[in-house]
Amino acid sequence: MANSKMAKRSKPSINTDKTPVDLLTAKQAAAEYARLQTEIAGHDKRYYQQDAPVISDADYDELRLRHNAIESRFPDLRTFESLSLRVGAAPTGRFKKVRHAVRMLSLDNAFAEQDVVDFVGRIRRFLNLPEDEKITFSAEPKIDGLSMSLRYEDGELVTAATRGDGEEGEDVTANIRTLGDKEVPHRLKGRNIPRITEVRGEVYMTKADFLKLNERQKAAGDTIFANPRNSAAGSLRQKDPSITASRPLGFFAYAWGEISDKSSKSLPADTQSGMIKWFEHCGFKTNPLTKICHSVEELIAFHRQIGEERARLDYDIDGVVYKVDRLDWQERLGFVSRTPRWAIAHKFPAERATTILNDIEIQVGRTGSLTPVGKLEPVGVGGVIVQNVTLHNEDYIKGIGGKGEILREGRDIRRGDTVIIQRAGDVIPQVVDVILEKRPPDSKKYKFPTKCPCPLKTDVVREATSAGEEGARNRCTGEFACPFQKIQHLILFASRRAFDIEGLGEKQIELFYENGWVKEPGDIFTLKARNAKLKLEEVEGYGETSVRNLFAAIDERRRISLERFIFALGIRQVGETTALALARGYGTWKAFHDAALKVAKGDEETIAEMDALDQIGDTVIQAIAAYFSEKHNLGIVERLTREVTILDAERPKTDSKIAGKTVVFTGSLEKFTRDEAKATAERLGAKVSGSVSKKTDYVVAGPGAGSKLAEAQKHGVTVLTEDEWLALIG
């Protein structure tokens, strides 16, 4: 008996969120099912109510597929509250509720071509159709926007409502009316309009308008939208209709709800495609790419065609929708829980897209590194509109990796190429491959510049790989004489993680530099004294209030922590973590400054002392020596220190409960920012990590915590809420 108990104790636990569904026990399935219900409901709320999703469509689809697979194998788990019976999320409460006369349902998804084959097979079997009888489908691009239901009575628009949870939506009639009659008719055109006509479709924003809107939002210091869908939804959910009116929104009609007339019970058409044409006669815009298909092969061919055209479309799509065209067959097929049997959405891979590389531009970084950037035809990838893609370096363009390996089977990248790009999570988009068949016949290999694109046209040298860099880099030899490098240094100096000067962003820095008002960091702090001559309030885009606010923001940053000051100097190889280590190691600016000058002179004892500091090695020491041996840099530092007060470093506590512990923050923190949480933890002697491992002591999880939370559970790491974390650190 004792041996039996020991065996049970030593049996490894199963990580249910990784275990295949067919291997789950009933108990494990119930726990996993409950977890997925909670997680998916949270994502639904963020997507449908808050217009602020925290995961990609592909990740969300994976959660849904697993949820449905568990429910299919263990049907007893399903209740009336099951997510498979719900659509969207409940109304937010900000607007009056509207109950839909006919439920607004969602579509089942197909991710592979075999899923489409199975979809058509199910229809054929359900309708008991012979193999030689054709099934006609109406196929259309799946717009990534906000679902909308428009109710007309006697031809007049009376109510506009969002989908909500499918049963109830939000009344946004006043906002919809601002779209204009060309987008949403206020009165239906034509004769014999049914007494009640409920037209459904998608409110969207074009990619071009989305990019322009974000530029305006950025200039005004307002919310930056992640993608056109979020911007359309956010624009429509404004309490002030005048804000909606200022946003360029469009509407595609593609479905209907209640349609009734005392004189007739029949619809205006007997096919899906016929109803779409009727919508056009009533004054609505419908998608011109909608096509009739008669077989699985035609459906898949259409999906591929739309996928190839996706980058050229001026609106975002995430797949193609197939609908049985005959309405009498739609009625016979009916619905399964929240989805119709007669329609399916064939999704595109969410993390990849095909588009055109219009140009290759060179950007010069703070350290003089030349980085080629691909200028793309804007395309949606993983829920974000992408128009730039990093091409890393000269070798990457040629098809050579950072370790000399062959990339893309040796295919180089050229202007005008049709390229496949991918974006995973928060990773910078990159080119996966080049479609050679679509390469322009007159294309030429890209020649990397041998001169810096700055006005000085200084020489570019090729340097071998440095620590933390991918492959060899090409660098401008102009150093601080290069205006591009100067501007980048100034942008870093004023950035959020350095001096954090509000109102002094990239555009303002470029403007001030080009006009000669700010050439080095210290000039920022003398702007106010020089303004009698400069008269910034007379500059376009400025006024007395904005100039006053800028000067106030600058004055607020005249006291700066030692680690921020060191980071803001822009010393190569000295990032935030290294700057913090240096600040804690030396304690005061004078101590660090004196040591840096000695290191620059080659003082072996001082070099050894610096090398002994945690996280400081030869590469950092060489960079510090190079920086402080340059007279130009010493002058910049001297003039800057006259204008600011550098605070002594705050020594980390060693008597706190988290001293020496490793902490990971995940999810959307609500009671403090991620930067604030990290700084507090480090101040109390903890190490903050970006990933979870067996060595992690605590994971602090806010709403929307995903894979990191799962990893914590896998390794048995202590998981804390924000309140529990605050209680722990006192």
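With respect to S138, is the statement that it is within 33 Å of the chain's Cα centre (by Cα), in contact (Cβ under 8 Å) with a residue 60 or more places away in the chain and assigned to a strand (DSSP E or B) true? Considered against the rule, which asks whether it is within 33 Å of the chain's Cα centre (by Cα), in contact (Cβ under 8 Å) with a residue 60 or more places away in the chain and assigned to a strand (DSSP E or B), S138 comes out as yes. Would you check if S656 is touching a residue at least 12 places away in the same chain (Cβ under 8 Å), of a type outside the set (F, W, Y), at negative phi and outside the structural domain of T577 (by TED's automatic domain parsing)? Yes. From the list K695, K708, the one residue that fits, being assigned to a helix (DSSP H, G or I) and touching a strand residue (DSSP E or B) at 6+ places or on another chain (Cβ under 7 Å), is K708.
Yes or no, residue by residue, for (1) assigned to a helix (DSSP H, G or I); (2) among the β-branched types (V, I, T); (3) over 22 Å from H100 (Cβ atoms):
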residue	(1), (2), (3)
I193	no, yes, no
E198	no, no, no
K218	yes, no, yes
A226	no, no, yes
S231	yes, no, yes
G234	yes, no, yes
P248	no, no, yes
F252	no, no, no
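In the stretch 521-545, the residues that are closer than 23 Å to H489 by Cα form Cβ pairs under 8 Å with partners that are of a type in the set (V, I, T) and not in a helix (DSSP H, G or I), at six or more places apart or across chains, as follows: I524/I501; I524/V518; F525/V644; L527/V518. Among residues of the stretch 156-167 that are under 13 Å from G201 (Cβ atoms) and assigned by TED's automatic domain parsing to the domain that holds G190, those with a beta-carbon under 6 Å from a residue that is buried (at least 18 other Cβ atoms within 10 Å of the Cβ) and of a type in the set (A, V, I, L, M) at least six positions away or on a different chain give the pairs A160/L150; A160/V172; A160/I176; A161/V98; R163/M104.
All of E309, E297 fail the test of being at pLDDT 95 or above and assigned to a helix (DSSP H, G or I), apart from E297. Of the residues in the stretch 191-206, at least one is loosely packed, with under 13 Cβ neighbours inside 10 Å and in contact with a strand residue (DSSP E or B) (Cβ under 9 Å, 6 or more places away or on another chain). Every test in (1) surrounded by fewer than 17 Cβ atoms within 10 Å (Cβ to Cβ); (2) in the same structural domain as D144 (by TED's automatic domain parsing); (3) of a type in the set (D, E, K, R); (4) assigned to a strand (DSSP E or B) is passed by E331 save one, and that test is (4). For the stretch 392-417, residues that are in contact (Cβ under 8 Å) with a residue 24 or more places away in the chain, buried (at least 20 other Cβ atoms within 10 Å of the Cβ) and not charged (D, E, K, R) total 5.
The values are calculated or read from the model by the stated rules, or taken from the named source; none is laboratory data. Not measured: the values here are computed from a predicted model. Positions of Cβ are generated from backbone atoms using ideal geometry, with glycine treated the same way; all protein chains shown enter the neighbour counts.
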